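What follows is a single structure, written as structure tokens, with notes after it.
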Amino acid sequence: MTEQTTKMLGKCRPNEIADYLELIGDEQAANRFHSAGGRAQRLSVPFINDEWGYTGAKIGFIPATGKKAECDIVNAIGMQADDSLKDQALKISLDVFHVQNYPGTGKHRILCEFSGKNQTQKESEAMRFALTVAANDKSFAAHIGHPIFVGVNVGKDGLSFEGRTVNVRSEDDDMMLDALGNATFRDGLSLLTTAQPVLKPFVKLAEGVVTSVLNRNKNREVFKFALGLDFSESRTTAKLKLGSYVVVQTDETEWNWGDFVWDASSGAVLPKGDKTKALNLNYLVFGVAKTGV
């Protein structure tokens, strides 16, 4: 696996991005990046209508309680944690994946990989899960409430959770990715039993699929994020609570979650000032609930 294929596409130079877009048949977008010049630095990349190019993330939180159709979204950084979740078993699910824009034309096939640590009485063991979604630009992928990790044991320090998305354009990977839709993967990675003889092979299988996919030139990593959800009093880290976490792919420096609301009727993040408009960015929503609830 080369450094170029594992690096987020938005961190590449304009000429590298243009070459990839040409490879997957998006000539119009490739021309924009060619015009930026082959020697231009990453900071000059013209991400106009190319929301997939952002490399940063903003983390918001939607409380689990409340019956209103619209709910305020708060900044997950620095909010108050729920200490009662220490040593509890939780379920993490992918509830929403909004695709504003991904590289290429037509329907996008996107590989999502999630990893973290499961705290047992004896040790901290690696978790890894992968799934694929399909969506057109400016639409939602049909994976509402898809379980990722079931029965995750939260230690006293919190929960470590990471994710990344890969744009898949190589048809050679169809059979391999179809395997992610079978029953073994469809129900999420279960950590409910004390003895986990199949956990390590399952983790290795998911890791192997993602590694193999990234080895193809037509497949590139688009987004990567890390959620360190803890119980500390720090005002600079995200906190663990029951509810939903919104992860937005953006480089916006003056982001304010007070400008947005969660609209339950449409299942979308909307600007508070004009709810007829959508949030024109790629974003994912993860649910955190107690196992069995």
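The values are calculated or read from the model by the stated rules, or taken from the named source; none is laboratory data. Everything quoted here is computed from the prediction, not taken from an experiment. Don't worry about glycine lacking a Cβ; one is built from the backbone with ideal geometry, like all the others, and counts go over all protein chains shown. Note: areas computed on protein heavy atoms with side chains; ligands, DNA, RNA excluded. Shrake-Rupley method; radii C 1.70, N 1.55, O 1.52, S 1.80 Å.
What number of residues within the stretch 118-145 are of a type outside the set (Phe, Trp, Tyr), modelled with pLDDT under 90, in a strand (DSSP E or B) and in contact with a Phe, Trp or Tyr (Cβ under 9 Å, 6 or more places away or on another chain)? Residues that pass the stated criteria total 6.
Right, Glu252: assigned to a strand (DSSP E or B) and not hydroxyl-bearing (Ser, Thr, Tyr) or not? For Glu252, the condition - assigned to a strand (DSSP E or B) and not hydroxyl-bearing (Ser, Thr, Tyr) - is not met. Looking at the stretch 60-98, which of its residues are in contact with a helix residue (DSSP H, G or I) (Cβ under 9 Å, 6 or more places away or on another chain) and not aromatic (Phe, Trp, Tyr)? Scanning the stretch 60-98 gives Gly60, Asp72, Ile73, Val74, Asn75, Ala76. When Ala18, Ala57, Ala30 are screened for being under 23 Å from Glu113 (Cβ atoms) and modelled with pLDDT of 90 or more, only Ala57 passes.
Lys218 meets each of the listed conditions (1) assigned to a loop (DSSP other than H, G, I, E, B); (2) closer than 20 Å to Asn118 by Cβ apart from (2). Criterion applied to Val150, Val133 was being touching a Lys or Arg at 6+ places or on another chain (Cβ under 6 Å) and open to solvent by less than 50 Å² (accessible area, probe 1.4 Å), and the one residue passing it is Val150.
Those residues that are touching a Leu at 6+ places or on another chain (Cβ under 8 Å) and either open to solvent by 40 Å² or more (accessible area, probe 1.4 Å) or hydrophobic (A, V, I, L, M, F, W, C) (or both), I need them from the stretch 238-254; list them, please. Across the stretch 238-254, the qualifying residues are Ala238, Leu240, Lys241, Leu242, Val246, Val247, Val248. The number of residues in the stretch 62-85 that are outside any loop (DSSP other than H, G, I, E, B) and in contact with a Ser or Thr (Cβ under 7 Å, 6 or more places away or on another chain) comes to 2. Scanning the stretch 161-176 for residues that are at pLDDT below 85 and buried (at least 19 other Cβ atoms within 10 Å of the Cβ) yields Arg169, Asp173. For the stretch 136-160, residues that are under 16 Å from Glu125 (Cα atoms) and basic (Lys, Arg) total 1. Quick check, is Phe114 open to solvent by less than 10 Å² (accessible area, probe 1.4 Å), assigned to a strand (DSSP E or B) and more than 21 Å from Leu279 (Cα to Cα)? Criteria met by Phe114. Applying the criterion of being open to solvent by less than 20 Å² (accessible area, probe 1.4 Å) and not aliphatic (A, V, I, L, M) to the residues of the stretch 274-293, the residue that is farthest from the chain's Cα centre (by Cα) is Gly287. Contact annotation: residue pairs with Cβ atoms under 8 Å, 6 or more positions apart or on different chains, pairing a residue in the stretch 29-41 that is within 11 Å of Asp19 (Cα to Cα) with a partner that is modelled with pLDDT under 80 and open to solvent by 30 Å² or more (accessible area, probe 1.4 Å), are Phe33/Pro46.
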